[in-house]
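Take a look at the structure set out below.
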Amino acid sequence: MAEQATALPINLELFTRLSARQKIGGIVAVAFAIALLAGAWLWTKEPPYSILFSNLSEKDGGQIVTSLQQQNIPYKFSEGGGAILVPAMQVHDVRLRLASQGLPRGGQVGFELMENLKLGTTQFAEQIAYQRGLEGELARTIQSLGAVRGARVHLAIPKQTAFLRDEQKPSASVMVSLHAGRVLEPTQVAGIVHLVSASVPQLATSQVSVIDQDGNLISQTPDGLKQAGLDPSQLKFVRELEANYVKRIETILAPIVGSSNVRAQVTADVDFSQIEQVAESYKPNPSADSAIRSQQTAETGTSNPLAAGVPGALSNQPPVPATAPVTAPAAPGTTLATNNQNLNFTRNATINYEVDKTIRHTRGVPGTVRRLSVAVVVNHKKGPEKDGKPGKALPLSEAEMRQVNALVRDAVGFAQDRGDSLNIANAPFAPADKEVVPDTPIWKNPDVIAFAREAFKYLAFALLAFLLWTKILKPLFEMFAAAAKRIEMEEAEKAAQAQEVISHDGHHHVSYDQKLQAAKSLAKQDPKLIANVIKEWVGGGEPR
């Protein structure tokens, strides 16, 4: 320990004896080695980076990088420059911070355009800014769908006019870019159409077109769907109805044969037509005691005048002899005339009875099941075990099949008059093929890859440290030691010469003036050496 304690001062003292060039070179080499080791150590401790955002527009990318620089968050770009990477531990935190700033905006401008309008902006400029903001806001909303990677909305809003015959309705076009392997359901497309339609006044859903990134029209008008018979809501209703019937069958048979021993399929013929019928019926003529609705009676009579007849020759004739009256009653509406009077009388009677009437208004409910086709397959039952071995599979008995048939009929509401069909088969199930999942090669295992990456970092650091020690530091220290030793030997040799000059042993006769002159010359050449000799004398030791 004492030797190690004294080694450092001696080495430092020897280092002070090196030349300025040697000192500078040594310091630079040691500093370079330390910096290299420090950089390698920081590289091994560098946290893994994860993708913050990818496929950004240049404007959004620049704004995000500026925000990261202001927040002193380290970042870097992917190899292709298509993604911004940040430390994995800060991904979610950074996303929330950027979201509070409205980043990324997806390359679209929204209603923030209205905030930057200057005083004196024309009405036309305001209308254009409003339309651009509305298009951007709609695009941002559509991009929030999980399957949509990007969206563009174009609105064609005509100028308002006071003449109705010249009025034009607005229209819209939407282009969506979908993620790889993703599609939009018809209901989602209909949702996009209704979203755009509801955001623009007087914009009908039939005037909204939606296309994908391949240029395929994915929106259809309701009339086209009805004509093709492809109404998504109707198809969904049929699928749900069939699935409900299948679930009923499997639920009722599971306690008997087991849930894995029954398979069922149901095909439903559903009538979606909506029928409205109005029927008006009348009963036969009413009886005499039916209720009288209205009754009307009219009578007309004329009194007998003193003179009757038409003036002329007949009135001057003598009267006709009297005859016996006719006993038969006079017909209605006839005029009774006697020799003494002439009477006209009319009688009319109208009676209206209530008529029975039935009006029936019938409206059919859409979605009525017209016919069901049911197919059921039941697995063979297991036989009794023999000697601890599973028994042989046996078919169901006739009584069991009749029971299964009755249960299925009641479960689906089987109706013979409706034309339903039912087919139940009992057959052994084939064993399911086991899906062989190939083992992931060790070089593709994510855990192995992560461990190898970390191990490579530490091995690289260790190799770098070994190379720095063997190729730079160790040879440098050896060179310093050799140089210091050489300098020490030269100083010792000079000290011996100085000792010899100052205190001559008498083998040669040298005068005092010569000794003094040699000592002065040596002091001028190497004053440090003379000081060392004098120091040794004062200390009582041997000069070095």
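The values are calculated or read from the model by the stated rules, or taken from the named source; none is laboratory data. The shown structure was predicted, so the numbers you read here are calculated from the model rather than taken from an experiment. FYI the Cβ positions are ideal-geometry reconstructions off the backbone, even for glycines, and counts take in every protein chain you see. For accessibility, only protein heavy atoms count, side chains too; no ligands or nucleic acids. Shrake-Rupley method; radii C 1.70, N 1.55, O 1.52, S 1.80 Å.
Considering region 346-385, the residues that are open to solvent by less than 80 Å² (accessible area, probe 1.4 Å) and outside any strand (DSSP E or B) include one that is modelled with the lowest pLDDT, namely 364. Being in contact with a helix residue (DSSP H, G or I) (Cβ under 9 Å, 6 or more places away or on another chain), in a strand (DSSP E or B), modelled with pLDDT of 90 or more and open to solvent by less than 90 Å² (accessible area, probe 1.4 Å), is that true of even one residue in region 163-170? No, because not a single residue in region 163-170 is in contact with a helix residue (DSSP H, G or I) (Cβ under 9 Å, 6 or more places away or on another chain), in a strand (DSSP E or B), modelled with pLDDT of 90 or more and open to solvent by less than 90 Å² (accessible area, probe 1.4 Å).
Inspect region 285-292 for any residue being among the small types (Gly, Ala, Ser) and either in contact with a Ser or Thr (Cβ under 6 Å, 6 or more places away or on another chain) or modelled with pLDDT of 75 or more (or both) and give the result as yes or no. Scanning region 285-292, I find no residue that is among the small types (Gly, Ala, Ser) and either in contact with a Ser or Thr (Cβ under 6 Å, 6 or more places away or on another chain) or modelled with pLDDT of 75 or more (or both), so the answer is no. Checked against (1) at pLDDT 90 or above; (2) open to solvent by 90 Å² or more (accessible area, probe 1.4 Å), residue 296 passes all but condition (1).
The one condition from (1) modelled with pLDDT under 80; (2) of a type outside the set (Gly, Ala, Ser); (3) within 30 Å of residue 458 (Cβ to Cβ); (4) open to solvent by 70 Å² or more (accessible area, probe 1.4 Å) that residue 44 does not meet is (4).
Condition check for residue 417 on (1) acidic (Asp, Glu); (2) more than 49 Å from the chain's Cα centre (by Cα); (3) modelled with pLDDT of 75 or more: one failure, at (2). Of the listed requirements (1) assigned to a helix (DSSP H, G or I); (2) surrounded by fewer than 13 Cβ atoms within 10 Å (Cβ to Cβ), residue 102 misses just one: (1). The set of residues in region 176-204 being outside any loop (DSSP other than H, G, I, E, B), among the β-branched types (Val, Ile, Thr) and closer than 19 Å to residue 137 by Cα consists of 176, 189, 192, 193, 196.
Within region 54-69, if we keep just the residues that are under 24 Å from residue 140 (Cβ atoms) and open to solvent by 40 Å² or more (accessible area, probe 1.4 Å), the residue that is modelled with the highest pLDDT turns out to be 66.
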